[in-house]
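Q: I have a structure I would like to understand better, so I am pasting it below and will then ask my questions one at a time.
The values are calculated or read from the model by the stated rules, or taken from the named source; none is laboratory data. For clarity, every value in this text was computed on a predicted model and none was experimentally measured. As a convention, Cβ positions derive from the backbone with ideal geometry for all residues, glycine included, and neighbour counts pool all protein chains shown.
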Amino acid sequence: MALSNTYPTLEQLLEEARRRIQVAPEELDEAKRRRSAVRDALRKEFPGSRVYYNGSVAHGDALTPLTDVDLGVVVPDPDSEYGPGKRGPRSLQDRAANAVKRELKAEFGDLRVEVEGRKRSILVRFNDPVRDGWDDFTADIIVALDNPHGAGLYIPRYNTWDRSHPEKHTELVRDAIESSKVRFARAVRLLKHWNRNWSEPALCTWHIKVLALGCLTEPGRILPGLIDWFECAAKQINVGPTPDPANVGPDIKTAIAKTDAVRRLRVAAEKLAEAQKLEQDRWPVLAHSKLAEVFNDPEMLPAPPDESVRLQEAERIRRRTQRTHTGPALVGAVPPVRSWSWEW
């Protein structure tokens with residue numbers, strides 16, 4: 001995208017940034033193909049089972065590089081052998097792991113499947129990245145049971161079971177994407193990238209989406225949605241752990257100290273609000289600079305040239321000083337913006 005003599009708006013900058021980080025069609029196609037191969041192996045091993053999808057691919061908010069998929073198999077248990085207070089998940093997990101190795105061996109000969117020591121999922125290592133130079137591609141498989149006594153599923157927790165409702169989670173996210181006319185997924189992509197760009201991310205990806213379910217379900221522009229999310233997230237986390245939106249699983253906690261997470265969220269909200277105000281006051285270069293400061297990733301959202309920032313900041317100070325001595329500036333006065341071509 002080239003904008004000559006016209007400075008890009010913050011919405012345009014965010015749209016270009018989002019496109020830079022979203023998963024490419026060829027990545028998504030290959031991920032879905034491998035996910036389908038795992039699904040078929042699980043269905044073959046467990047006749048009468050159903051397979052559900054969750055995670056970023058299922059939720060429509062995957063980032064590039066795409067290196068994993070998530071799915072679960074709900075295993076029939078007609079004799080009620082498994083579940084809390086009964087048999088644990090290990091034998092079912094071993095069957096699932098062996099089925100995946102057996103059925104996918106022809107294509108992925110050195111494929112590895114890990115069960116031992118894992119809290120919930122079986123980890124499949126394909127030893128075959130989707131694209132050269134990327135990390136290996138993996139799949140996380142949950143072996144689950146229907147909960148005969150209430151909503152959701154029983155999912156593994158080492159040698160026992162927890163309650164969760166991943167199928168409802170995916171339904172809630174997909175509904176939010178539809179009701180917001182895709183705004184939800186677009187904002188979540190940007191938020192996930194912001195979060196993972198820290199050396200210690202504050203939130204797990206699911207936590208980001210749960211918080212977004214409370215403030216990003218209506219259509220609208222991305223920047224106000226991001227500001228709302230940061231403000232609402234800081235408020236919710238300051239109160240305490242975030243409830244499971246399906247009202248089945250445990251509350252969700254921050255990945256770092258709560259006070260640190262709240263501080264980080266509030267600073268981002270303040271900077272985005274400042275960027276929005278700068279744009280409204282017709283200082284587009286300064287608004288752009290403040291927006292880039294939030295994401296701190298020049299490959300995803302490059303900052304404007306330092307010279308342009310200095311020139312516009314000097315002009316803003318000059319006008320502020322002039323206004324102090326002579327009264328209000330002329331209404332509609334346009335700050336100078338150097339004519340230049342912005343190449344993406």
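Q: Return the total of residues in region 101-131 being under 24 Å from the mean Cα position of the chain (by Cα) and loosely packed, with under 13 Cβ neighbours inside 10 Å.
A: Residues flagged as under 24 Å from the mean Cα position of the chain (by Cα) and loosely packed, with under 13 Cβ neighbours inside 10 Å within region 101-131 amount to 1.
Q: Another question about this same structure. Any chance you could count how many residues in region 1-43 are more than 26 Å from P129 (Cβ to Cβ) and touching a residue at least 40 places away in the same chain (Cβ under 8 Å)?
A: Count: 14.
Q: Would you check if there is a residue in region 284-303 being more than 21 Å from R174 (Cα to Cα), assigned to a loop (DSSP other than H, G, I, E, B), of a type in the set (S, T, N, Q) and touching a Leu at 6+ places or on another chain (Cβ under 9 Å)?
A: Among the residues of region 284-303, not one is more than 21 Å from R174 (Cα to Cα), assigned to a loop (DSSP other than H, G, I, E, B), of a type in the set (S, T, N, Q) and touching a Leu at 6+ places or on another chain (Cβ under 9 Å), which makes the answer no.
Q: Select, from E231, E274, E270, the only residue that is buried (at least 18 other Cβ atoms within 10 Å of the Cβ), in a helix (DSSP H, G or I) and acidic (D, E).
A: Result: E231 is the single residue among E231, E274, E270 that is buried (at least 18 other Cβ atoms within 10 Å of the Cβ), in a helix (DSSP H, G or I) and acidic (D, E).
Q: Quick test of your reading of the structure: P245 fulfils all but one of (1) assigned to a helix (DSSP H, G or I); (2) touching a residue at least 40 places away in the same chain (Cβ under 8 Å); (3) more than 15 Å from the chain's Cα centre (by Cα); (4) buried (at least 19 other Cβ atoms within 10 Å of the Cβ). Name the failing condition by number.
A: It fails just one condition, (1).
Q: Do you know which of the residues in region 59-100 that are in contact with a Pro (Cβ under 9 Å, 6 or more places away or on another chain) and over 20 Å from R163 (Cα atoms) is surrounded by the fewest Cβ atoms within 10 Å (Cβ to Cβ)?
A: Of everything passing the filter in region 59-100, P65 is surrounded by the fewest Cβ atoms within 10 Å (Cβ to Cβ).
Q: Further question on the same structure: Residue under question is V130, and the condition is that it be in contact with a Phe, Trp or Tyr (Cβ under 8 Å, 6 or more places away or on another chain) and more than 16 Å from R39 (Cα to Cα); does it hold?
A: Yes; evaluated as a whole, the condition is true for this residue.
Q: Continuing with this model, one more query. Suppose the filter is part of a loop (DSSP other than H, G, I, E, B), over 25 Å from W198 (Cβ atoms) and at pLDDT 60 or above; does R320 pass it?
A: Judged against the criteria, R320 is not a match.
Q: If you take the residues of region 19-56 that are over 21 Å from P156 (Cβ atoms) and aliphatic (A, V, I, L, M), which of them is surrounded by the fewest Cβ atoms within 10 Å (Cβ to Cβ)?
A: Restricting to residues being over 21 Å from P156 (Cβ atoms) and aliphatic (A, V, I, L, M), the top hit is A24.
Q: Of everything in region 81-100, what is among the charged types (D, E, K, R) and either farther than 21 Å from R39 by Cβ or outside the structural domain of N159 (by TED's automatic domain parsing) (or both)? Give them in sequence order.
A: E81, K86, R87, R90
Q: Return yes or no: is I208 assigned to a helix (DSSP H, G or I), in contact with a helix residue (DSSP H, G or I) (Cβ under 6 Å, 6 or more places away or on another chain), hydrophobic (A, V, I, L, M, F, W, C) and without any contact (Cβ under 8 Å) to a residue 40 or more places away in the chain?
A: yes
Q: Moving to a separate point now. In this structure, is T254 surrounded by fewer than 19 Cβ atoms within 10 Å (Cβ to Cβ) and of a type in the set (S, T, N, Q)?
A: No: the conditions fail for T254.
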